[in-house]
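Presented below is the structure to which this report refers.
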Amino acid sequence: MPVDTTDRSTTQGKNPMSATSFTTSTDMTGSEQRSGLSRFTGLLGRGDGDVARVLILLLLVVVLGLIAPAFFSKASWIATSQYSTQIVLLAIGQAFVIITGGIDLSVGAVLGCSAMISAVSMRSMLGTGMDETLIVVVGFAIGVGSAAVMGLVNGLVITKMKITPFIATLGMLGVATGGTNLISGGSEIVELPAQLNTVGNATVFGGWLTIPVLVTIVAAVVAGLVLSRTRFGMRTYAIGSNAAAARRAGIGVDRQLIKVYVLSGVMAGIAGVLLMSRFVDASPLAGADAELASIAAAVIGGASLTGGRGSILGAVIGAAITATLQTGLILAGVASFWQTVAVGVIIVLAVFGDQLRITFSRA
């Protein structure tokens, strides 16, 4: 008689819904039957309430379109999708971190610092006679690599020094912000290869998609598959559900957390070099307050700040809602400071909704 040796201790966490999320995300047998849209969205790690979030996004698009008809234009679509790439990429890394029960406040600063390091590196290589295409490739590798190192430092500080993620990443925010200004002297770097403009603004599919948007789509699909279809994702959910139970199940919690924070850094690095290529310059202000948008996207997308719950699909939808709202408010002529207010209110409402869900599920 076959014996079921599956360790279920990792699903008995503090989040009552995390067991369901964990089981769904790691179901490799295909026993959960899905059809149509559900089969497609499963690639990104289906989360609770994703259909409702899509409806909210569609309603938001319709309302903003009625308020500002220019919102339905091709130019508006390109601007919104270009802007959303930064939020989506940061939200992907943030989602992994939040699912483990942590938070990464440094993603915006890491974005800016890695972009600045990449820009300074490319500027120094321009006078060497090196092919400009190769300069761009090397510069991008340096930028993403430096972001990965900053993520690694976050992970090591959290796991080895036993400092809470909030404080550790807040410290990295200060270090990366200061490092950006030290490297640049507080000024923009504009002497960059012309090929960056092609990478950041070239369009495909009839001009409706740009290369950064395509890169972001690929990153989202890959991240969704990793989270919902691999052991890496299973361990990420397990840690957020119950770290002690994960350790008893043989999961190297510290090692996994380090990998998650490195992943968050890599996502910030990719966002940084794509943002730099879009404007063909590196600004010391790049990424400022982007951590707020990334947390908003992940939380709006259903990631629970208590850990153990969330999906990449939800994070992408949350990022789309955030980017759509901000772009729509600009086109509607709303003052910029109201955009920040709107995002803050949405975060509070999303967290309040998550708390209500936890309360009712325990009742």
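The values are calculated or read from the model by the stated rules, or taken from the named source; none is laboratory data. Remember, it's a predicted structure, so these values are computed and weren't measured experimentally. Backbone-built Cβ (ideal geometry, glycine too); neighbour counts: all protein chains shown.
Quick one: which residue in Gly265, Gly302 is touching an Asp or Glu at 6+ places or on another chain (Cβ under 7 Å), surrounded by 24 or more Cβ atoms within 10 Å (Cβ to Cβ) and not basic (Lys, Arg)? Steps first, please.
Values: Gly265 fails: touching an Asp or Glu at 6+ places or on another chain (Cβ under 7 Å).
Answer to the selection: Gly302.
Out of contact with any helix residue (DSSP H, G or I) (no Cβ under 9 Å at 6 or more places or on another chain) and among the β-branched types (Val, Ile, Thr): is that true of Val137 in this structure? It is true that Val137 is out of contact with any helix residue (DSSP H, G or I) (no Cβ under 9 Å at 6 or more places or on another chain) and among the β-branched types (Val, Ile, Thr). Would you please name the residue that is modelled with the lowest pLDDT, looking only at residues in segment 294-341 that are of a type in the set (Ser, Thr, Tyr) and more than 23 Å from Leu105 (Cβ to Cβ)? Only one residue fits best here, namely Thr327.
Counting the residues of segment 125-145 that are closer than 17 Å to Ser277 by Cα and either in contact with an Asp or Glu (Cβ under 6 Å, 6 or more places away or on another chain) or among the hydroxyl-bearing types (Ser, Thr, Tyr) (or both) gives 1.
A search for C-beta distances below 7 Å between a residue of segment 310-325 that is within 20 Å of Val62 (Cβ to Cβ) and any residue that is acidic (Asp, Glu), counting only pairs 6+ apart in sequence or on different chains, returns Ile317/Asp50.
Looking across segment 224-249, the residues that are touching a residue at least 40 places away in the same chain (Cβ under 8 Å) and in a loop (DSSP other than H, G, I, E, B) come down to Asn242, Ala249. One residue is enough: does segment 82-98 have a residue meeting the conditions in contact (Cβ under 8 Å) with a residue 60 or more places away in the chain, surrounded by fewer than 24 Cβ atoms within 10 Å (Cβ to Cβ) and not basic (Lys, Arg)? Within segment 82-98, one or more residues are in contact (Cβ under 8 Å) with a residue 60 or more places away in the chain, surrounded by fewer than 24 Cβ atoms within 10 Å (Cβ to Cβ) and not basic (Lys, Arg). Look at Ala323 and say whether it is within 29 Å of Met116 (Cβ to Cβ) and buried (at least 24 other Cβ atoms within 10 Å of the Cβ). So Ala323 does not fit the description; no. Of the residues examined, Arg255 is one that is under 26 Å from Val144 (Cβ atoms), assigned to a helix (DSSP H, G or I) and over 19 Å from the mean Cα position of the chain (by Cα).
Residue check: is Leu192 surrounded by 16 or more Cβ atoms within 10 Å (Cβ to Cβ), hydrophobic (A, V, I, L, M, F, W, C), touching a residue at least 60 places away in the same chain (Cβ under 8 Å) and within 30 Å of Gly127 (Cβ to Cβ)?
Working: surrounded by 16 or more Cβ atoms within 10 Å (Cβ to Cβ): yes; hydrophobic (A, V, I, L, M, F, W, C): yes; touching a residue at least 60 places away in the same chain (Cβ under 8 Å): yes; within 30 Å of Gly127 (Cβ to Cβ): yes.
So Leu192 passes the test.
Only one of the numbered conditions (1) in contact (Cβ under 8 Å) with a residue 24 or more places away in the chain; (2) in a helix (DSSP H, G or I) is violated by Leu285, and that is (2).
Within segment 133-155, if we keep just the residues that are touching a Gly at 6+ places or on another chain (Cβ under 9 Å) and among the polar types (S, T, N, Q), the residue that is surrounded by the fewest Cβ atoms within 10 Å (Cβ to Cβ) turns out to be Ser146.
Do any helices (runs of 4 or more DSSP H) lying entirely in segment 121-216 carry at least 1 residues that are at pLDDT 95 or above, among the aliphatic types (A, V, I, L, M) and under 20 Å from the mean Cα position of the chain (by Cα), and which ones are they? Give the steps one after another, and end with the answer.
Working: elements: 132-160, 165-184, 195-201.
Counting at least 1 such residues, we get 132-160, 165-184.
Residues in segment 335-357: is at least one in a helix (DSSP H, G or I), among the hydroxyl-bearing types (Ser, Thr, Tyr) and within 18 Å of the chain's Cα centre (by Cα)? Give the steps one after another, and end with the answer.
We begin by selecting, within segment 335-357, every residue in a helix (DSSP H, G or I); these are 336-357.
Subset that is among the hydroxyl-bearing types (Ser, Thr, Tyr): 336, 340.
The next check asks that each one be within 18 Å of the chain's Cα centre (by Cα); those that pass are none.
Scanning segment 335-357 turns up no residue that is in a helix (DSSP H, G or I), among the hydroxyl-bearing types (Ser, Thr, Tyr) and within 18 Å of the chain's Cα centre (by Cα).
Scan the helices (runs of 4 or more DSSP H) fully inside segment 1-109 and keep the ones with 1 or more residues being at pLDDT below 60.
Working: elements: 18-25, 37-41, 50-67, 74-99.
Of the helices (runs of 4 or more DSSP H) lying wholly inside segment 1-109, those with at least 1 residues that are at pLDDT below 60 span 18-25, 37-41.
Against the numbered list (1) surrounded by 24 or more Cβ atoms within 10 Å (Cβ to Cβ); (2) at pLDDT below 95; (3) within 28 Å of Ile211 (Cα to Cα), Arg229 comes up short only at (1).
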